[in-house]
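These notes are about the structure you will find just below.
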Amino acid sequence: MAGLLDGKVALVTGAGHGIGRGHALELAKHGAIVVVNDLGTSVNGEGSGRDADTVVDIIRARGGQAMADYGDVGDEEQVDAMIEKASSEFGRLDILVNNAGIVRDRAIWNMEAKDFDLVMKVHVRGSWLASRAAARRWRDDAKAGNGKTYGRIINTVSGAGLLGHFGQTNYATAKSAIAGLTLTLSLELAGMGVTVNAIGPGGLTRLSATMPGQAAPLEADERPDDSFDPQDATLCSPVVAWLASEEAGYVSGQVIRAIGDKIYLMGGWTEDVVVSSGEKRWDATKLGAVFGTDVFHTRAPGLRFAG
């Protein structure tokens, strides 16, 4: 029986642990050749290592094909090299899963600029650099063919980026930016047959384990294949595998949260309440009444009030 991703080549960033590891194993399970990227840093972005090797060994032991990459997703030359490495080694690149991430949580009054900059570098710059390198390759492929190619980009967002989370102004900003990146890339790459979506996992991860009272989760390969733990963040990995497949060619520009046994198709910013000045310039001294009666009285869904 043919696998969902037979013959496809996938690059998963930040795949040495946690959700990325789960994605790599799931993609390989369905027949993809997987380039396992991981710099091997701690959860706050310090150090380096060869964590990717463990995941490669697991995939190979299960009969799949995989190759390790230790590049830094925030470094332009290293990202270009990892895309080239995947393409030259296996003759193509079909799937890019931008998953690499770190946390440096602090309330904004305690956060240093370097904490903001590094989180943005890994999440946003890393996703952008890898997407650009892949897009350039797919554009060349499309020009050489009939104007279309096969390409899938799956980015990673989070509840913090969509809803906010105390102590994560850097992380939440990064994840919100990735949602915007996803929407724009889906428009820019649509003409060449490339889809771009975002997955929003939930549950326990190496990153969430840094919060007080949170336990370190099991890795995907440490769980029984038929187990179901609602706190297992890799329960979203089958959704990633499907989004990477030919079946999902009609899905692009979507933010999808997959948490526990549920899939949520997220909606973007919409106009919950609209009021008009009647083609006159607003008078700031009269806006209190407008907002108090015509806007906020509905307590529009998602609207937050102080106090």
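What follows draws every value from the coordinates through simple rules; no lab data is involved. Note that the structure is a prediction, hence the values are computed from the model and not measured. Methodologically, a virtual Cβ is constructed for each residue, glycine included, from the backbone with ideal geometry; neighbour enumeration extends over all protein chains shown.
Overview of values
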read-out	value
Gain upon complete extension [LYS286, GLU89; 0.36 nm per residue less C-alpha separation]	64.3 nm
Distance between modelled label sites at SER227 and HIS297, nm, 7 Å Cα→Cβ extension	5.5 nm
P(r) tail fraction, the chain - alpha-carbon pairs more than 33 Å apart, %	27 percent
Cβ-placed point charges (K, R +1; D, E -1), dipole of the stretch 9-265 about Cα centre in debye, nearest 20	620 debye
At R0 = 45 Å, FRET efficiency that the Cβ-Cβ distance of SER276 and TRP109 yields, to 0.05	0.70
Within the stretch 55-157, trypsin sites (Lys or Arg not before Pro) in DSSP loop having at most 14 other beta-carbon neighbours inside 10 Å	ARG62, LYS148
R0 of 25 Å, Cβ-Cβ distance TRP269-LYS148: FRET efficiency to nearest 0.05	0.20
25 Å Cα-Cα threshold exceeded, pairs from LYS29/LYS148; LYS121/LYS262; LYS8/LYS85; LYS175/LYS286; LYS8/LYS148	LYS29/LYS148; LYS121/LYS262; LYS175/LYS286
With at most 16 other Cβ atoms within 10 Å, longest stretch of the chain clear of loop GluC sites (Glu not before Pro) (DSSP)	113-270
Those trypsin sites (Lys or Arg not before Pro) in the stretch 234-304 that DSSP places in a loop and that have at most 15 other beta carbons within 10 Å	LYS280, ARG281, ARG299, ARG304
Ascending count of other beta-carbon atoms within 10 Å, so fewest first, for TRP138, TRP109, TRP282	TRP109, TRP282, TRP138
Kyte-Doolittle mean at least 0.0 and Cα axial length at least 24 Å: DSSP H helices in the chain	169-189
